[in-house]
Amino acid sequence: MIHKYQFSLVLFVLFLFSAPSFGQENTDLEMIYKIKTEGTRNSQIQDLAHNLTDLMGPRLSGSTNLRRARQWTADKFKEWGLKNVKIDSYGEFGRGWDVKKSYIAMKDPYYAPLIGYPKAWTDGTGGLINSEVILLDIQSEADFEKLKGTLRGKVIMVPTPLSTSPAFEPEARRLTEDDLANRKEMSIGNGGGGARYSPAQLQQMRDQRALDQKVNEFLMEEGIAMRISGTRGNFGTVFHTRAGSYSTAKNKTIPEMEIALEHFGRIERLLKSGQTVTIDAEIEVEWLDDDYKGYNVLAEIPGTDSSLKPELVLLGAHLDSWHAGTGANDNAAGVVVMMEAIRILKALGVQPKRTIRIALWGEEEQGLFGSRGYVQKYVADRQTQDKKGEWDKISAYYNVDNGSGKIRGIYLEGNDQLVPIFEKWFEPFHEMGAKTITRRNTGSTDHVAFDAVGVPGFQFIQDPIDYGRGYHTNMDLYERMQQGDMTQAAIIVAAMVYNTAQRDQKLPRKPWGK
């Protein structure tokens, strides 16, 4: 009995020291303390946020302000002493576009200024226009014939199904414990809920899109002066989109302006009641045709371990925004957090085993151009599954793009192997409210470009605050940024990046490729 007991004990001890386990994942608590101290006592969050929003302004993909922001961030990285700083082209994006002047006001039946912004990549009006507004309710192509020849030089409105709603819910909120617990639940398939849309609904949407395209072509042929659209949003908030295209084909577009839904509704009701409405409006734009390339900003803290320094730990966020606000929460906040995270590590004189590289992506808002372009150029071809030089060198990519709220945890994109690692790494931040480790996926931002080719890519769980009500709007401004939360986020990102850079092995991956 004694010999059997001793033998079992030896096996148990060997298991403890050989098996990958939660207890074996090391955390340098002294460095975590230093990161917290530097991030709280010497934070540059406020200055970085001011520069990226107030000074750089809106950073629409391909615009002059985005070019300025690329140069400013590259210069800041050099100032901090980062290495291999470069503005790196990933390939072609398309035409740049700047708004030089925007004005709209109702003149009759009385004067009223209107809250409105040109749609992105729309053409200008060619000067100030003064026109009667025509409300068109086109139900089919048959309506075109009776309208031909009556619309030239007019301002057109098409009725909108959108409506305002009372703000019964608070403007801002944090994730509750129940919310965070729900983030950890995994469902198989669609959970029995069925398809989101029925075949009839899908066909109706396709038919409506086809009719909208024909209406647009008809209005272009008729030579209208401008089109006014209403957008979702309350209290003068304008959710902006694009009307034209950044395509180098240079196709003409109708000058189009989006106005606050309350102002759109007032004009629509006046017209339906038989009133004549006239407006003054002007859109002046500049097309940028000198450089069609898209760019990312890259900078590094080089690795110091002779065998591990070719490997990479990436952190990043997209630098572009939309054009009516200053892109404060989408996504200057993410850029500021990642810049502050790497500043913290550089200020502490960290000598990482692996190379730490920050990437500020271009043109995310138009389809993840920057991150996908980087992956295609350096990492792998998702379609052919051909792996490139950095594919087996990247341990992880960390992304922030859900506003300026606190980090509450992390999405692991279905990778079960990572659960014990991140549970250990997040332990020092439980008191900061960050402890939820979920296997669930989250999408629609730059980490998916890496996850799509089998490289661990992560997006953090964040408090929404009022992100959903403000991003892509004219009110996405400095005042909406939660700078205390951003300080917490930068500290946590810096720690995750440091832990990844110092780990003996790269983070485990999901199977991918040939």
*Determine if the stretch 213-234 includes at least one residue that is over 30 Å from Gly294 (Cβ atoms), under 26 Å from the mean Cα position of the chain (by Cα) and not basic (Lys, Arg).*
yes
*From the list Ala142, Ala120, which one is without any contact (Cβ under 8 Å) to a residue 24 or more places away in the chain, assigned by TED's automatic domain parsing to the domain that holds Thr248 and either touching a Lys or Arg at 6+ places or on another chain (Cβ under 6 Å) or hydrophobic (A, V, I, L, M, F, W, C) (or both)?*
Ala142
_Out of Asn415, Asn399, I need the residue that is in contact with a strand residue (DSSP E or B) (Cβ under 7 Å, 6 or more places away or on another chain) and among the polar types (S, T, N, Q). Which one?_
Asn399
*When the stretch 33-78 is examined, which residues are found to be in contact (Cβ under 8 Å) with a residue 24 or more places away in the chain and aliphatic (A, V, I, L, M)?*
Ile35, Ile45, Leu48, Ala49, Leu52, Met56, Leu60, Leu66, Ala69, Ala74
*Please work out which one of (1) crowded, with 20+ Cβ neighbours inside 10 Å; (2) modelled with pLDDT under 95 is the condition Thr27 fails and give its number.*
(1)
*Which one of the conditions (1) part of a helix (DSSP H, G or I); (2) touching a residue at least 60 places away in the same chain (Cβ under 8 Å); (3) hydroxyl-bearing (Ser, Thr, Tyr) does Tyr378 fail to meet, given that it meets all the rest?*
(2)
*Which residue out of Pro464, Pro456 is closer than 16 Å to Ala328 by Cα and either in contact with a Lys or Arg (Cβ under 8 Å, 6 or more places away or on another chain) or not assigned by TED's automatic domain parsing to the domain that holds Val313 (or both)?*
Pro464
*Please go through the stretch 444-477 and pick out each residue that is in contact (Cβ under 8 Å) with a residue 60 or more places away in the chain and at positive phi.*
Gly454, Ile465, His472
*asked:* So, Glu364, is that one crowded, with 24+ Cβ neighbours inside 10 Å, in contact (Cβ under 8 Å) with a residue 60 or more places away in the chain, of a type in the set (Asp, Glu) and at negative phi or not?
replied: yes
*Number of positions in the stretch 306-337 that are within 24 Å of Gly236 (Cβ to Cβ), in contact with a Phe, Trp or Tyr (Cβ under 8 Å, 6 or more places away or on another chain), outside any loop (DSSP other than H, G, I, E, B) and not charged (D, E, K, R)*: 2
_For the stretch 88-99, check the following and say yes or no: at least one residue is crowded, with 18+ Cβ neighbours inside 10 Å and touching a Pro at 6+ places or on another chain (Cβ under 9 Å)._
yes
*Among the residues of the stretch 161-180, count how many are within 30 Å of Ile410 (Cβ to Cβ) and in contact (Cβ under 8 Å) with a residue 60 or more places away in the chain.*
6
*Of the residues that sit in the stretch 361-403 and are within 27 Å of Asp504 (Cα to Cα) and hydrophobic (A, V, I, L, M, F, W, C), which one is nearest to the chain's Cα centre (by Cα)?*
Val400
*Just a yes or no: is a residue in the stretch 342-353 within 19 Å of Met486 (Cβ to Cβ) and under 15 Å from the mean Cα position of the chain (by Cα)?*
no
_In the stretch 383-422, the residues that are under 30 Å from Leu52 (Cα atoms) and among the hydroxyl-bearing types (Ser, Thr, Tyr)_ = Ser395, Tyr397, Tyr398, Ser404, Tyr411
*Would you mind stating whether Asp291 is touching a residue at least 12 places away in the same chain (Cβ under 8 Å), out of contact with any Ser or Thr (no Cβ under 8 Å at 6 or more places or on another chain) and within 21 Å of Thr248 (Cα to Cα)?*
yes
*Condition check for Ala341: surrounded by fewer than 20 Cβ atoms within 10 Å (Cβ to Cβ) and among the small types (Gly, Ala, Ser)*: no
*In the stretch 79-100, which residues are touching a residue at least 40 places away in the same chain (Cβ under 8 Å) and not in a strand (DSSP E or B)?*
Trp80, Gly81, Leu82, Phe93, Gly94, Arg95
_Name the single residue that is nearest to Gly470 (Cα to Cα) among those in the stretch 336-363 being in contact with a Gly (Cβ under 9 Å, 6 or more places away or on another chain) and among the β-branched types (Val, Ile, Thr)._
Ile358
*asked:* I need a count of the residues in the stretch 338-351 that are in contact (Cβ under 8 Å) with a residue 60 or more places away in the chain and not in a helix (DSSP H, G or I).
replied: 2
*From the list Gln483, Gln502, Gln459, pick out the single residue that is closer than 30 Å to Ala347 by Cβ, touching a strand residue (DSSP E or B) at 6+ places or on another chain (Cβ under 7 Å), at pLDDT 95 or above and polar (S, T, N, Q).*
Gln459
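The values are calculated or read from the model by the stated rules, or taken from the named source; none is laboratory data. Nothing here was measured: the structure is a model prediction, and the numbers come from that model. Cβ: placed from backbone, ideal geometry, glycine included. Neighbour counts: every protein chain shown.
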